[in-house]
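Below is one structure, written out as structure tokens; the observations come after it.
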Amino acid sequence: MDRLFVCAAVIDGGGFVRRQLELGTTVHVWNRSPEKARALVADGAVFFDEPARAVAGVERLHLTLADDASVDAVLEPLAKVLAPTTTIVDHTTLSASLTAQRTARWDDRGIAYVHAPVFMQPQAARVGSMVMMTSTTQARYDALRPALERMTGNLVYLGDHPARAAAFKLFGNLMVIATSAAVADINRLACAVGI
């Protein structure tokens, strides 16, 4: 049975956790806002009040945080306690250049860091219906693929450049913003001419 640590925050980390629990995964949870993690105990998660205790012996450490600064604030204190067999899987929307730097930094420490951002509505994490992208070495992708495919309806491998998934996530976000702005302009014009 897998052991999985999830740090839930901006996107619906609770949905990720509940899905993994239903799939039979043992899930350790910690959150900078403890009440969010404690709320998952009723679903079967194991709550920890300290991140170092939560990550002890885990196979994968999954993150869903706000930004690059919060990822580094959570991960850096764990550098000396993470086992070399732990793979960090980060679902946070991040800067492409900082993702590449972070990947190299963790490689230098002998710990795999893989960026795997998602396109989804919060409820999609709960049912495993989302698009997840990743860009990492072929060997890391092959090793992670079964676990990540269980989390999502569509896993897209973008090659081995560590910044590529981050870039594609940002491209997608910009496309959503641009499309929303265009639809709003069309609606305003339609209203202005009485349609």
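Given a Förster radius of 25 Å and the C-beta distance between Arg53 and Arg105 as r, what FRET efficiency does 1/(1 + (r/R0)^6) yield to the nearest 0.05? Display every interim value, and only then the final one.
Working: r = 23 Å, r/R0 = 0.94.
So, using R0 = 25 Å, E works out to roughly 0.60.
Test of the criteria: in the range 54-163, which trypsin sites (Lys or Arg not before Pro) are in a DSSP loop and have at most 16 other Cβ atoms within 10 angstrom of their Cβ?
The qualifying sites are Lys80, Arg109.
Pick from Ala69, Ala166, Ala125: which residue has the top mean-square fluctuation in a GNM of the chain where Cα pairs under 10 Å get a spring?
The residue that fluctuates most here is Ala69.
Let me know the shape class of the range 1-149, please: from the alpha-carbon gyration tensor, a ≥ b ≥ c as square roots of the eigenvalues, rounded when a/c is under 1.5, otherwise prolate if a/b is greater than b/c, or oblate.
Taking the square roots of the gyration eigenvalues as a ≥ b ≥ c, the range 1-149 is rounded.
Using a 10 angstrom cutoff on alpha carbons, build the Gaussian network for the chain and name the most mobile of Val74, Val131, Val183.
Comparing Val74, Val131, Val183 in a Gaussian network model of the chain, the most mobile one is Val183.
Mind checking the angle between helix 138-151 and the chain's longest principal axis? C-alpha axes, 0 to 90 degrees, to the nearest 10.
Long axis of 138-151 versus the principal axis of the chain: about 70 degrees.
Could you run the Karplus curve 6.51 cos²θ - 1.76 cosθ + 1.60 with θ = phi - 60° over the range 75-89 and give me ³J(HN,Hα) per residue in whole Hz, x for Gly and Pro?
Working through the residues one at a time gives 6, 4, x, 8, 4, 8, 10, 6, 6, x, 8, 7, 9, 8, 10 Hz.
In the chain, what percentage of the DSSP-assigned beta bridges are antiparallel, given to the nearest 5?
Percent antiparallel among DSSP bridges in the chain is about 10.
In whole angstrom, note down how far apart the Cα centers of the range 123-195 and the range 38-63 are.
Each part reduced to its Cα centre gives a spacing of 27 Å.
Please work out the average accessible area per residue across the range 1-131, using the 1.4 Å probe convention, and give it in Å².
For the range 1-131, the solvent-accessible area averages 42 Å² per residue.
Given labels modelled 7 Å from the Cα in the Cβ direction, how far is it in nm from Asn154 to Leu21?
2.9
Taking the simple approach of a point 7 Å from Cα along Cα-to-Cβ for both Leu189 and Glu35, what is their distance in nm?
4.7
Note the angle between two axes, namely the Cα long axis of helix 164-192 and the longest principal axis of the Cα atoms of the chain, as a number of degrees from 0 to 90, rounded to the nearest 10.
30
Quick one: how many Å² of Glu76 are accessible to a 1.4 Å probe, rounded to 10?
Counting only protein heavy atoms, the figure is 60 Å².
At what distance in nm do the modelled label points of Ser180 and Asp67 sit from each other, each positioned 7 Å from its Cα along Cα→Cβ?
Calculated label separation equals 1.7 nm.
The values are calculated or read from the model by the stated rules, or taken from the named source; none is laboratory data. In this text, all values refer to a predicted model and were calculated from it rather than measured experimentally. Note that each Cβ is placed from the backbone with ideal geometry, even for glycine, and that neighbours are counted across all protein chains shown. Heavy atoms of the whole protein, side chains included, go into the accessibility calculation; ligands, DNA and RNA do not. Shrake-Rupley method; radii C 1.70, N 1.55, O 1.52, S 1.80 Å.
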